[in-house]
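A quick write-up on the structure given underneath.
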Amino acid sequence: MRDDRIGCNGGARLAPAAATAFNRMQIALTGIKPSGHPHLGNYLGMLRPALELAQRYRAFYFIADYHALTTLHEGRQLRELTDEVAATWLALGLDPQKTLLYRQSDVPQVMELAWILSCFTAKGWLDRAHAYKDAVAQEREATAGLYTYPVLMAADILAFGTNVVPVGRDQKQHVEICRDIALRFNHTYGDLLTPPEPLIREEVETIPGIDGRKMSKSYDNTIPLFAPGPALRKRIFQIQTDSTSVAAPKEPDAAPVFQLYRHFVAAPEAQAMAARLRAGGTGWGEVKEQLWQAVERALAEPRARYQEWLADRPRLHGVLAEGGARARAIAEALLRRVRQAVGTEL
Ligand code: TRP
């Protein structure tokens, strides 16, 4: 209902019938912090599933640049990483006419809502939030930005009437805090905010890096998503394997190289490779070669498109500006009702 009122797909150019069907779909929203170069773990764990989800939901995918500001204090780099995230989405096939792609900072309504929501956020909820607790436990300096991170995230989600939030397990707590905030607000003002559900991606959860630990820039074990072919191959050959001989039977499931391979080929191919490894006679080097080829098949074209987007910043920024305008219109419709409710709209 709210969707119809605010005109819904926010100006995407769809035929009327398609637009109506589209507007009735549930909203899936998620954000990526531009705090590192996109890697294969991001692709398998987040980007690829999100693009699939965008077929079934009205998807809102944004670049959480103000969240990145909790850790990244270099303007030039934030700008560059923002462009990289945008170019990555577009290169992988996000259709900006269907999926709303925008920068968080292009929607000041989110900031305004964050303040309002903070007045409905129990301090105890933030005390218990993992990111803040970890910082305190490790005696790292915690800023107010890190502390209120979950409130800003709640504003990201609630400003758009989001139904589901596809996230990794590490973000589940944040979505729960968001729900609690929404319920508390609604308890006072009536059902204005939509309490969202987290959509946890179970099966692709832990993508191993080259050392077998979760692929993460903090472990320096990532495989860059759009590295040129030779650099990619080199990195793939750095994946750690045990020193069993080619002839020896091997256990595929425990090996990071096989875990990655599995994600890039169809199930029968993965099973065939697993059987060959268990039988003996197949070396890890061969699995690496096959993995490299599979990654090339999947990503060579997106890589070329990625370079094209980054080579044409005005075009890239144009897409973001358009997405930002549509996002603002949607968020503003909700904010107007929120201001009316709390009494800051006269
Ligand atoms: N906190 C998320 C992360 O670190 C990024 C994020 C910011 C987000 N706002 C969001 C994710 C809203 C989902 C919904 O990955």
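Test of understanding: what is the full-extension gain from H130 to R297, defined as 0.36 nm times their sequence separation minus their Cα-Cα distance?
On the way: separation 167, 0.36 × 167 = 60.12 nm, distance 3.82 nm.
Between H130 and R297, full extension yields an extra 56.3 nm.
Relative contact order, percent, of region 226-305 when contacts are C-alpha pairs under 8 Å separated by at least 6 residues? Walk me through the numbers on the way to the answer.
Details: 74 pairs, mean separation 32.7, N = 80.
Relative contact order, region 226-305: 41 percent.
Which value in deg cm²/dmol, rounded to the nearest 500, describes the helix-derived mean residue ellipticity at 222 nm for the chain, given -39,500 (n - 2.57) per DSSP H run of n ≥ 4 and division by the residue count?
On the way: 16 runs with 185 residues, N = 346.
Calculated at 222 nm, the ellipticity per residue is -16500 deg cm²/dmol.
Report the Cα centroid-to-centroid distance between region 35-110 and region 197-264 in angstrom, as an integer.
23
For C119, C178, give me the order by solvent-accessible area with a 1.4 Å probe, most accessible first, ignoring ligands, DNA and RNA. Don't skip to the answer; put the middle values down first.
On the way: C119 80, C178 0 Å².
So the residues, ranked largest to smallest area, are C119, C178.
Probe radius 1.4 Å, ligands and nucleic acids left out: which of H187, H317, H37, H67 has the largest accessible area, and how do the rest follow? Walk me through the intermediate numbers first.
Values: H187 160, H317 85, H37 120, H67 5 Å².
Largest to smallest exposure gives the sequence H187, H37, H317, H67.
Using the structure shown, list the pairs from K33/K288; K123/K172; K214/K234 with a Cα-Cα distance above 21 Å, or answer none.
In this structure, K33/K288 lie more than 21 Å apart at Cα.
If I ignore ligands, DNA and RNA and count only protein heavy atoms, how much of I32 is accessible to a 1.4 Å probe, in Å² to the nearest 10?
Probe radius 1.4 Å; accessible area of I32 about 30 Å².
With a cut-off of 16 Å, note down the residues of region 47-75 whose backbone N falls inside the zone around a label point 7 Å from the Cα of T143 toward its beta carbon.
64-75
Using the per-residue mean of other Cβ atoms lying within 10 Å as a proxy for protection, in what order, highest first, do the peptides 42-49, 134-141, 223-230, 150-157 fall? Let's see the in-between values first.
Working: 42-49: 20.8, 134-141: 10.4, 223-230: 16.9, 150-157: 27.1.
For the peptides 42-49, 134-141, 223-230, 150-157, the packing ranking is 150-157, 42-49, 223-230, 134-141.
Round to a whole number: what % of the accessible area of region 158-213 belongs to carbon and sulfur, probe 1.4 Å? All intermediate terms of the calculation are to be shown ahead of the outcome.
Values: 1120 of 2460 Å².
Carbon and sulfur atoms account for 46 percent of the accessible area of region 158-213.
Using a simple charge model, +1 on the beta-carbon of Lys and Arg, -1 on the beta-carbon of Asp and Glu, nothing else, what dipole does region 226-305 show about its Cα centre, in debye to the nearest 20? Spell out each step's value before the answer.
Numbers: 11 positive and 8 negative charges, 50 e Å.
It comes to approximately 240 debye.
Starting from one equal scatterer on each C-alpha and no solvent at all, send me the Debye-based log10 I(q)/I(0) for region 43-117 at q = 0.23 Å⁻¹, two decimals.
Those come out to -1.12, one per q.
Could you derive backbone 3J(HN,Hα) for region 190-198 from the dihedral phi with the Karplus parameters 6.51, -1.76 and 1.60 (θ = phi - 60°), listing whole Hz in sequence and x where the residue is Gly or Pro?
Result, rounded to whole Hz: x, 6, 9, 9, 8, x, x, 10, x.
Given Cβ point charges of +1 (Lys, Arg) and -1 (Asp, Glu) and nothing else, what value in debye, to the nearest 20, does the dipole of region 50-198 about its Cα centre take? List each step's numbers first, then the result.
Numbers: 14 positive and 19 negative charges, 64 e Å.
About 300 debye.
With +1 on the Cβ of every Lys and Arg and -1 on the Cβ of every Asp and Glu, and nothing else charged, how large is the dipole of the chain about its Cα centre, in debye rounded to the nearest 20? Please list the in-between numbers first.
Numbers: 42 positive and 39 negative charges, 82 e Å.
Roughly 400 debye, rounded to the nearest 20.
Leaving out ligands, DNA and RNA, and with a 1.4 Å probe, what % of the accessible surface on region 226-305 is carbon or sulfur?
Values: 2190 of 3950 Å².
Here carbon and sulfur together make up 56 percent of the probe-accessible area.
Quote the relative contact order of the chain in percent (integer), defining contacts as alpha-carbon pairs under 8 Å separated by 6+ residues. Working shown, then result.
Working: 494 pairs, mean separation 74.6, N = 346.
It rounds to 22 percent for the chain.
Per-residue HN-Hα couplings for region 56-63, Karplus 6.51 cos²θ - 1.76 cosθ + 1.60 at θ = phi - 60°, whole Hz, x for Gly and Pro?
Once θ is set to phi - 60°, the couplings for region 56-63 become 10, 10, 6, 9, 10, 10, 10, 9 Hz.
Give me the 1.4 Å probe accessible area per residue for the chain, excluding ligands and nucleic acids, in Å².
On the way: 16280 Å² over 346 residues.
Ligands and nucleic acids excluded, the result is 47 Å² per residue.
The values are calculated or read from the model by the stated rules, or taken from the named source; none is laboratory data. Please read all numbers here as calculations on a predicted model, not as lab measurements. Because the Cβ atoms are built from the backbone with ideal geometry, glycine has one as well, and the counts that use them run over all protein chains shown. Heads up: the accessible areas ignore ligands, DNA and RNA and are worked out on the full protein's heavy atoms, side chains in. Shrake-Rupley method; radii C 1.70, N 1.55, O 1.52, S 1.80 Å.
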